[in-house]
Amino acid sequence: MKPQKHMILFVDDDPLVLRGFQRSLDDFSDDWETEFAVSGKEGLECLSKRAFDAVITDMHMPSMDGIQLLEEVSRCHPGVIRFVLSGNTSDAQILKSTHLVHQIIPKPSEMEKIYKIVERACRLRGLLSDPMLLQIINSIRTLPSVPRLYQQLLEQLQSETVSSQSIGKIISQDTAMTAKILQLVNSAFFGISEPVSSPQKAVAFLGINTIKSLALGIQIFSGYQNQSDFPLSVDVVWKHSLQVTKLAYTIACQLKFNAQEIEDTRVAGVLHDIGQLLSFQIPGYSQHVRLNKNGQPVLGTEYEFLGTSHAEMGGYLLGIWGLPNPIVEAVTLHHFPGLQADSSQPDPLTALHLANGLINMCQNEQEETPEAYLDLPYLQKLGLLNHLADWVTLTHKILAEPV
Ligand SMILES: [Fe+2]
Ligand SMILES: [Fe+2]
């Protein structure tokens, strides 16, 4: 069966630009159905008449600019993925829009480039079957950070000795801050040729002043105090993520991954359970989803209640934020790596799956049965089962170390 076409709305106040889009869209008419609006008002009218997957708007328009339009889209049509086209790189508005826009695309851009960015995000919608979840995740503006790290970041940013290394180090330990900074730096808007997966590189690229205005002015990061009635804890997610990162990194080095794969593995470790931070915003989650003894959600109860799990939710969010593919794939499939289309070689997903499964298994002393935690046929196919005993020893060592 042919997949359904994605519905895309273009908004630009210049009719010539719209006509140019229309002409260059011929090559993509099998995948997209498109509509065009010459103002924010007309765009909102289109959105009220039919369901769209994505809106791509110009930033500068009279009466209602791109940001005002997307504010309305986010409020009234939260299921729609939001892109902005902007040609002004020094635009302070761009930074202000980072909490609202899923990705920023430079203007002008070839239609092929726009197509690749938008189509990738639209395809990821298939990870979530429930429109309510799409709406919740599309509406996420900030995610909870570990309060101690958030506080450290604010103090560092206000100190006279602030450096990009010290800021990068703090950000790289926190799931929410890492995701947000990588969303920004990987935005096509900045025109970097290779995707950036290292928070340290992202901070060095953006510069301290940009980070300052994002953190202190626009407040794209937020600290979080656990609510006593919510079963999941940001601290538990954080501690688990750091232990998984340490183990995944060591496994990646032992398997002789290249430098880029090692970096992707490390970042995927920090981000892998970002979907659990999303669950704080899902109504009814705490009543329906059970936690295991390690404080982790039981996957079966997530699937029963949501029709999906924190892994797909996290992968979807990172994907529409434009994070690099190997990280999105590792996060999405970290519980079921056998679903990967091409798994002939160990890669960041392999290291992450092993580390996550082994940490969970070794923490649960009563049930050290690998098949309950690891996809053994997948690991066998990659010829990794003979390493398992050594990795269990390594996991116990990491769990005994302070975080
Ligand atoms: Fe997980
Ligand atoms: Fe995990």
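Just so it is clear, none of the values below were taken in a lab; they were calculated from the coordinates. None of the values given here were measured: they were computed from a predicted structure. When we count neighbours, we look across all protein chains shown, and the Cβ atoms used for this are built from the backbone with ideal geometry, even at glycine.
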Candidates per trypsin sites (Lys or Arg not before Pro) in the stretch 4-93, loop by DSSP, up to 13 other Cβ within 10 Å: Arg50
Nonlocal amide H pairs with Ile105, under 5 Å, H built at 1.01 Å: Val84, Leu85, Ser86
Loop sites in the stretch 356-403: GluC sites (Glu not before Pro), DSSP, at most 15 other Cβ within 10 Å: Glu365, Glu367, Glu368
Simple Cβ-charge dipole of the stretch 234-400, Lys/Arg +1 and Asp/Glu -1, about Cα centre, in debye nearest 20: 320 debye
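222 nm [θ] for the chain, helices only, -39500 (n - 2.57) per DSSP H run of 4+, per residue, to 500?
Helices in the chain give a 222 nm mean residue ellipticity of -15000 deg cm²/dmol.
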Partner lysines for Lys49 [C-alpha distance under 24 Å; skip if fewer than 8 residues away on the same chain]: Lys5, Lys41
Dipole of the stretch 253-403, positive end: most advanced residue of Leu352, Gln254, Val403 [Cβ charges, Cα centre]: Val403
Given charges at beta-carbon only (K, R positive; D, E negative), |dipole| of the chain in Debye: 520 debye
Extreme residue, positive dipole direction of the chain, given options His99, Met313, Gly79 (C-beta unit charges): His99
The stretch 241-248 - phi-based ³J(HN,Hα) in whole Hz, Karplus 6.51/-1.76/1.60, Gly and Pro as x: 5, 5, 5, 4, 4, 4, 5, 4
Amide hydrogen neighbours beyond the local backbone of Leu291, cut-off 5 Å, H modeled: Val298
Cα-based shape type of the chain, given that a ≥ b ≥ c are square roots of the gyration tensor eigenvalues and the cut on a/c is 1.5: prolate
For the stretch 6-127, alpha-carbon Rg relative to the globular expectation (2.2 N^0.38 Å, N residues): 0.96
Percent RCO, i.e. relative contact order, over the chain, from Cα pairs under 8 Å lying at least 6 residues apart: 13 percent
Eligible lysines near Lys397 by straight Cα distance, threshold 25 Å, same-chain separation 8 or greater: Lys169, Lys239, Lys246, Lys256, Lys293
Low-density loop positions, GluC sites (Glu not before Pro), the stretch 107-154 - DSSP coil, at most 10 other Cβ in 10 Å: Glu110
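About the Cα centre of the stretch 144-223, how large is the charge dipole given +1 on each Lys and Arg Cβ and -1 on each Asp and Glu Cβ? Please answer in debye to the nearest 20. Intermediate values should be presented prior to the final figure.
Values: 5 positive and 4 negative charges, 13 e Å.
Computed about the Cα centre, the dipole is about 60 debye.
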